[in-house]
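Enquirer: I'd like to ask you about the structure that follows.
Just so it is clear, none of the values below were taken in a lab; they were calculated from the coordinates. These figures come from a predicted structure and were not determined experimentally. Cβ placement follows ideal geometry from the backbone for every residue including glycine, while neighbour counts extend to all protein chains displayed.
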Ligand code: MIC
Ligand code: SF4
């Protein structure tokens, strides 16, 4: 069999299982990353594992999300993370150094390595021929403790890119086209592997835009080969010795094939409130009036992204009704953009420059006005994600963002005839490489005190699965419920990430303000959901907070991959309707009963009695033996605890 790139990397890391689609495999993890909103939970879990030093080849803790210090909480978390890194042998990328995904592939990623990160956009790192996968914090903690990553062997889909993009059309339009075709749940159980002559026109940053937003399709990851473009990038990054070529075999086998003709693509945007709600920019001409434009995030904040925006904005002023905010993806990018006058051109045009970090992408600053309309180069436009529930978010390329910021309406750069200026934009000729904001692991055996602020509370541990559960439905939700719906993120809420009792109080608050009261009154409860429940971020809090509020099982039509793993890790049972029609026969507040839960779970078929309506329905537990064991024992942390007691 001629091997594709994905299977080559998995085969080189296989610890157990066979590489048959849908079967559970375990792979060795070479590198991990965490950041400051998932990191504290990951390290609180890691601390319980009694491991003196991380066992990976390299682990990096990034400080990039919670950069607004409105009170002590975020600053306290950052000090905690720094003390953890020092004690356990991690690199720490300091606040201001950039967004984890961008900095990681610039400074640490390597072709052929497996990277596990506690963030759904970890796949960004696959742009250089690595296999980078997102997970919850507990899975990352286990990887740092030397455990393999368990996952279902995904299908490998070959995305063949043909031809060249036209000026004004960019990598963002390739991934928006993928989302248009595949939808937000089309990638579940898949890895997209990009090949074809079209790769030649895509820089590493272009590729990273595509691998980044593969997460929006629910994909396990998306990967590009380690070709000469990657080689050149490693030379620029002064890391040539860490590069190696890694390509799929010629005429390699794939499970599915998708063809995209790059020359036929047009500028696209995702309309509110889902990244797959894609249309041509030209269809919106002069109809969508803007209040804000954001150029930034781990998706599109590269040097050439900013340079393209600057080329378009040069000599113009941002429309009087629009606030244009710009944040470079990394300090390296920012430094080069400063050196080359890109930033001053943006400032001259009226752009507001933010520090390198996530910022507006996840509502950490720059929330739009009430009913405001924001066009962003980031990756998610879920309702409320900007921090303003009543705002609408569109997603598009830097080219579309820049011309739209001038016009005040979403505008197609090709229709506007301004693409000539883009031909002058290139990647920087020389890179500024300076790692002085990365603290390397401590090499001495000097004891380190872990510094915990008052907001850092221990991670709650679930109970073993009871024989019988009788409980009410505390939430009855529809399709595509995001982790942003379950645990909203913005500056105020994200500062609560280290404190589960506090953050649990905002569970579902944006879409169901009475949920917490209801769940607390019931004591224990079930959640019922539609398709693709838990899509979006790797936010473990979307599993831990409901667990803390007494949710015992989530019964859905289907679940997003990372969220399902997070539920299992924290002992909340994920069940799927055998007959999706049963979903319609249940209502919020119904009382449900599950008898002999552990033994039913072992059989993978769980009958649920609807006590209120007087009928029963079947659910299936799509779980491996390992996962059933975790659930019966009340989650990974309880298992770790009992392992520690035995030692
Ligand atoms: C996001 O983009 O939603 C985040 C904030 O980076 C999350 C991480 C989290 O909320 O815990 C992600 O993508 O996983
Ligand atoms: Fe940060 Fe946004 Fe990227 Fe998440 S998607 S890591 S919030 S920039």
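Enquirer: Once you put a point 7 Å from the Cα of residue 604 and another 7 Å from the Cα of residue 266, both along the Cβ direction, what distance in nm separates them?
Expert: Inter-label distance under the simple model: 4.7 nm.
Enquirer: What is the list of residues in segment 395-438 whose amide nitrogen lies under 20 Å from a point 7 angstrom out from the Cα of residue 239, following Cα to Cβ?
Expert: Taking a point 7 Å out along Cα→Cβ of residue 239, the residues of segment 395-438 whose backbone N falls under 20 Å are 427-438.
Enquirer: Could you state the angle between the C-alpha long axis of helix 398-407 and the longest principal axis of the C-alpha atoms of the chain, as a value from 0 to 90 degrees rounded to the nearest 10?
Expert: Tilt relative to the chain: about 70 degrees.
Enquirer: Shape of segment 420-475 from its Cα gyration tensor (a ≥ b ≥ c, root eigenvalues): rounded if a/c is under 1.5, otherwise prolate when a/b > b/c, or oblate? Walk me through the intermediate numbers first.
Expert: Numbers: a/c = 4.17, a/b = 1.60, b/c = 2.60.
It comes out oblate by the Cα gyration axes.
Enquirer: Would you compute, from DSSP H runs of 4+ residues alone, the mean residue ellipticity of the chain at 222 nm, taking -39500 (n - 2.57) per run and dividing by the full residue count, rounded to the nearest 500? Numbers along the way, then the final one.
Expert: On the way: 21 runs with 183 residues, N = 647.
Only helices count here, giving -8000 deg cm²/dmol.
Enquirer: Relative contact order for the chain using alpha-carbon pairs under 8 Å, separation at least 6, rounded to a whole percent? Working shown, then result.
Expert: Working: 1661 pairs, mean separation 92.3, N = 647.
In percent, rounded to a whole number, it is 14.
Enquirer: Find how much the distance from residue 521 to residue 75 grows on full extension, using 0.36 nm per residue of separation minus their present alpha carbon separation; answer in nm with one decimal. Mind dumping the intermediate values first?
Expert: Details: separation 446, 0.36 × 446 = 160.56 nm, distance 3.45 nm.
So the extension gain works out to 157.1 nm.
Enquirer: Assuming 0.36 nm per residue, please report the length gained on full extension of the stretch residue 344 to residue 162 beyond their Cα-Cα distance. Mind dumping the intermediate values first?
Expert: Numbers: separation 182, 0.36 × 182 = 65.52 nm, distance 3.64 nm.
My answer for the length gained is 61.9 nm.
Enquirer: Shifting gears a bit: Would you mind classifying segment 218-347 by shape? Square roots of the alpha carbon gyration tensor eigenvalues, ordered a ≥ b ≥ c; an a/c under 1.5 is rounded, otherwise it is prolate if a/b is larger than b/c and oblate if not. The partial results should precede the final answer.
Expert: Values: a/c = 2.54, a/b = 1.27, b/c = 2.00.
Taking the square roots of the gyration eigenvalues as a ≥ b ≥ c, segment 218-347 is oblate.
Enquirer: What FRET efficiency would be calculated for the residue pair residue 55, residue 231, taking the C-beta separation as r and a Förster radius of 45 Å, to the nearest 0.05? Provide the component values of the computation, followed by the final result.
Expert: Values: r = 30 Å, r/R0 = 0.67.
E between residue 55 and residue 231, to the nearest 0.05, is 0.90.
Enquirer: Given points 7 Å out from each Cα along the Cα-Cβ axis, report the residue 611 to residue 259 separation in nanometres with one decimal.
Expert: 5.9
Enquirer: Does segment 10-136 come out rounded, prolate or oblate by the C-alpha gyration tensor, with a ≥ b ≥ c the root eigenvalues, rounded set by a/c under 1.5 and, if not, prolate when a/b is larger than b/c and oblate if not? Kindly include the intermediate steps, with their values, before the conclusion.
Expert: Values: a/c = 2.14, a/b = 1.63, b/c = 1.32.
Taking the square roots of the gyration eigenvalues as a ≥ b ≥ c, segment 10-136 is prolate.
Enquirer: Neighbouring Cβ atoms within 10 Å as the yardstick, rank 382, 597 fewest first. Walk me through the numbers on the way to the answer.
Expert: Values: 382 24, 597 20.
Least to most surrounded, the residues fall as 597, 382.
Enquirer: If you take the beta carbon distance between residue 448 and residue 625 as r and set R0 to 41 Å, what does 1/(1 + (r/R0)^6) give as a FRET efficiency, to the nearest 0.05? Walk me through the numbers on the way to the answer.
Expert: Details: r = 39 Å, r/R0 = 0.94.
E(calc), rounded to 0.05, equals 0.60.
Enquirer: Something else about it: Debye calculation, C-alpha points only, no solvent: report log10 I(q)/I(0) for segment 137-243 at q = 0.10, 0.14, 0.22 Å⁻¹, in the same order as the q values.
Expert: Treating every Cα as an identical point scatterer, log10 I(q)/I(0) equals -0.35, -0.67, -1.19.
Enquirer: Using alpha carbons only, how many degrees (0 to 90, rounded to 10) separate the axis of helix 72-88 from the longest principal axis of the chain?
Expert: Once rounded, the angle reads 80 degrees.
Enquirer: Using Cβ counts within 10 Å as a stand-in for footprinting exposure, how do 176, 14, 389 rank, fewest first? If you can, show how the numbers build up before the last one.
Expert: On the way: 176 26, 14 17, 389 14.
The order, fewest Cβ neighbours first, is 389, 14, 176.
Enquirer: Measure nothing but the geometry: give the 0 to 90° angle between the long axis through the Cα atoms of 204-213 and the longest principal axis through the Cα atoms of the chain, rounded to 10°.
Expert: Between the helix axis and the principal axis of the chain, the angle is about 30 degrees.
Enquirer: Turning to a different aspect of this structure: R0 = 60 Å: FRET efficiency of residue 588 with residue 317, Cβ-based, nearest 0.05? The partial results should precede the final answer.
Expert: Numbers: r = 51 Å, r/R0 = 0.85.
After rounding to 0.05, the efficiency reads 0.70.
Enquirer: Right, something else. Test of understanding: express the Cα radius of gyration of the chain as a ratio to 2.2 N^0.38 Å, with N the residue count. Intermediate results must be reported in sequence, preceding the final value.
Expert: Working: Rg = 23.6 Å, N = 647, 2.2 N^0.38 = 25.7 Å.
Dividing the Cα Rg of the chain by 2.2 N^0.38 Å gives 0.92.
Enquirer: Starting with the fewest neighbours, write out 579, 227 ranked by other beta-carbon atoms found within 10 Å of each beta-carbon.
Expert: On the way: 579 10, 227 17.
Listed from fewest to most nearby Cβ atoms, that is 579, 227.
Enquirer: In vacuo Debye scattering of segment 427-541, one point per C-alpha: log10 I(q)/I(0) at q = 0.10, 0.11, 0.13, 0.15 Å⁻¹?
Expert: Treating every Cα as an identical point scatterer, log10 I(q)/I(0) equals -0.51, -0.59, -0.73, -0.86.
Enquirer: With a point put 7 Å past each Cα toward its Cβ, work out how far residue 433 is from residue 18 in nm, to one decimal.
Expert: 4.5
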